[in-house]
1. Treat the chain as a sphere of radius equal to its Kirkwood radius over Cα pairs and apply Stokes-Einstein at 37 °C in a medium of 0.692 mPa s; give the translational diffusion coefficient in µm²/s, rounded to a whole number.
2. Peptides 65-77, 36-48: what's the order by average Cβ count within 10 Å, highest mean first?
3. I want to check the label-to-label distance for residue 42 and residue 104. Put each point 7 Å from Cα in the C-beta direction and report it in nm to one decimal.
4. Divide by every residue of the chain the summed helix terms, -39500 (n - 2.57) for each DSSP H run of at least 4, and state the resulting mean residue ellipticity at 222 nm, rounded to the nearest 500 deg cm²/dmol.
5. Could you check which residue among 59, 106, 133 shows the biggest mean-square fluctuation in a GNM of the chain with a 10 Å Cα cutoff?
6. What does segment 2-78 give for Rg and for Dmax, in Å, if only its C-alpha atoms count?
7. Under a point spin-label approximation (7 Å from Cα along Cα-to-Cβ), what is the residue 213-residue 88 distance to one decimal in nm?
8. If each of residue 221 and residue 78 carries a label point 7 Å out from its Cα toward its Cβ, how far apart are those two points in nm?
Ligand SMILES: N[C@@H](CCC(=O)N[C@@H](CS)C(=O)NCC(=O)O)C(=O)O
């Protein structure tokens, strides 16, 4: 069976990586059965087969693929039914969208979520998480975290999505597909860590709830941190 290496917290059922959520949602969309293999940040050995150290990684028989967008493309090429990204032009646009939201949506969320991630992760991961993230951010986690600035920037970043979702149910049209999951992965990250930085009752909220409900109908309730 297809295997998904993903990220877990101290509680192995709290899955909080935005990129791994993208892949869970994509596998659910394709209706592909899979076995989740949740790893701590510092469990690198099982990822050796992928030649790098980040999750998500999928193993599908002999084939090993890492990187959420590359996994979407692999799934479309191998299991063409229920397209995620589409042909090369559409796939290229999805990659562009991914780059845009990486900065616009991920960074505000990180400002909100960093303290929650630090609490949720296993004790064995805390030193690694702090030192690797502080090096990348160029400052301490405490200096970076800023809930109010994160919330304000997040609301501005999702305003175009809010307008878009006033006119159609999903980012990809009448049915959800790849761009919905690329963005929703970030929302699941917040959700699993016990946050909901978007406005209850908004079009974005209704969109997220539709995707969540569809996933939970297949896989059961998503566990959230307290
Ligand atoms: N571009 C990659 C990003 C993957 C990534 O950054 N994964 C994080 C988890 S959210 C990770 O594995 N971190 C492990 C580490 O920092 O050692 C994707 O889209 O899959």
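Nothing in this text is a laboratory measurement; each read-out follows from the coordinates by a stated rule. No experiment lies behind these values; they were computed from the predicted model shown. In this analysis, Cβ positions are derived from the backbone assuming ideal geometry, glycine residues included, and neighbour counts consider all displayed protein chains.
1. 183 µm²/s
2. My ranking of the peptides, most packed first, is 65-77, 36-48.
3. 3.8 nm
4. Calculated at 222 nm, the ellipticity per residue is -17000 deg cm²/dmol.
5. Between 59, 106, 133, it is 133 that shows the largest mean-square fluctuation.
6. Final numbers for Rg and Dmax: 11.5, 35 Å.
7. With each label placed 7 Å out from Cα toward Cβ, I get 4.0 nm.
8. 3.3 nm
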